[in-house]
Amino acid sequence: MQLPCLFIAPTMQKGRGVFTDEPLQAGQLIERSPVIVLSQTDRALIDKTLLHDYIFEWDPQQRQCCMALGYVPLYNHGCPSNCEYEMDFEAGFISIRTVRNIPKGEELLINYHGDFDNPSPLWFPSL
């Protein structure tokens, strides 16, 4: 499930990002995407490729990773972010929900640390 108002567009500094062409309300579910769960063995292979930058740690013990489908891999990092993600390990989905009202045209951002306002430094250089 993905709201039809979401679209991918170039960003000034981060390549591509997810945007909305309609205003969104706080707490609104905007995307629910299935994931492909990968083993530790697969993760070692993925870490050697560009796909490493688009995977998520998976399962509470972080023994696995996943590749989310839909737009999920294209949400850029923000702190505080205007959206947050939630993992449903049992059903195999990642959901994206707004944390505040978002005007038309704004880029949708998630905090890569999981909590929308977690100020911890990223593990890679950011712009």
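Residues in the range 9-66 that are among the small types (Gly, Ala, Ser) and in a strand (DSSP E or B): how many? Can you show your working first?
Within the range 9-66, the subset among the small types (Gly, Ala, Ser) is 9, 15, 17, 26-27, 33, 39, 44.
Still in the running and in a strand (DSSP E or B): 9, 17, 33.
Here the count works out to 3.
Based on what the data block shows, is Glu107 closer than 15 Å to Leu3 by Cα and among the charged types (D, E, K, R)?
So Glu107 passes the test.
Within the range 80-115, can you find the residues that are part of a loop (DSSP other than H, G, I, E, B) and either of a type in the set (Gly, Ala, Ser) or farther than 22 Å from Asp21 by Cα (or both)?
Of everything in the range 80-115, those that are part of a loop (DSSP other than H, G, I, E, B) and either of a type in the set (Gly, Ala, Ser) or farther than 22 Å from Asp21 by Cα (or both) turn out to be Ser81, Phe89, Glu90, Ala91, Gly92, Gly105, Tyr112, His113, Gly114, Asp115.
Can you name every residue in the range 48-92 that is among the charged types (D, E, K, R) and either surrounded by 18 or more Cβ atoms within 10 Å (Cβ to Cβ) or more than 26 Å from Ala9 (Cα to Cα) (or both)? Full working, then the answer.
Pass one, the range 48-92, residues among the charged types (D, E, K, R): 48, 53, 57, 59, 63, 84, 86, 88, 90.
Answer for the range 48-92, where residues must be among the charged types (D, E, K, R) and either surrounded by 18 or more Cβ atoms within 10 Å (Cβ to Cβ) or more than 26 Å from Ala9 (Cα to Cα) (or both): Lys48, Asp59, Arg63, Glu84, Asp88, Glu90.
One line per residue, one yes/no per condition, for (1) among the aliphatic types (A, V, I, L, M); (2) out of contact with any strand residue (DSSP E or B) (no Cβ under 6 Å at 6 or more places or on another chain):
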residue: Leu24; (1), (2): yes, no
residue: Leu29; (1), (2): yes, no
residue: Arg32; (1), (2): no, no
residue: Gln40; (1), (2): no, yes
residue: Gln61; (1), (2): no, yes
residue: Met67; (1), (2): yes, no
residue: Pro80; (1), (2): no, yes
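What number of residues within the range 93-127 are surrounded by fewer than 19 Cβ atoms within 10 Å (Cβ to Cβ), under 16 Å from Glu57 (Cα atoms) and at pLDDT 95 or above?
The qualifying residues number 1.
Quick check on my filter: what residues within the range 21-44 are in contact with a Leu (Cβ under 9 Å, 6 or more places away or on another chain) and either of a type in the set (S, T, N, Q) or without any contact (Cβ under 8 Å) to a residue 24 or more places away in the chain (or both)?
Gln28, Ser33
Look at Leu50 and say whether it is touching a helix residue (DSSP H, G or I) at 6+ places or on another chain (Cβ under 8 Å) and either farther than 15 Å from Leu3 by Cβ or of a type in the set (D, E, K, R) (or both).
Taking the combined requirement at face value, the residue does not satisfy it.
The values are calculated or read from the model by the stated rules, or taken from the named source; none is laboratory data. Values in this document were obtained by computation on a predicted structure and should not be read as measured data. Cβ coordinates were reconstructed from backbone atoms using ideal geometry, including for glycine residues, and neighbour counts include every protein chain displayed.
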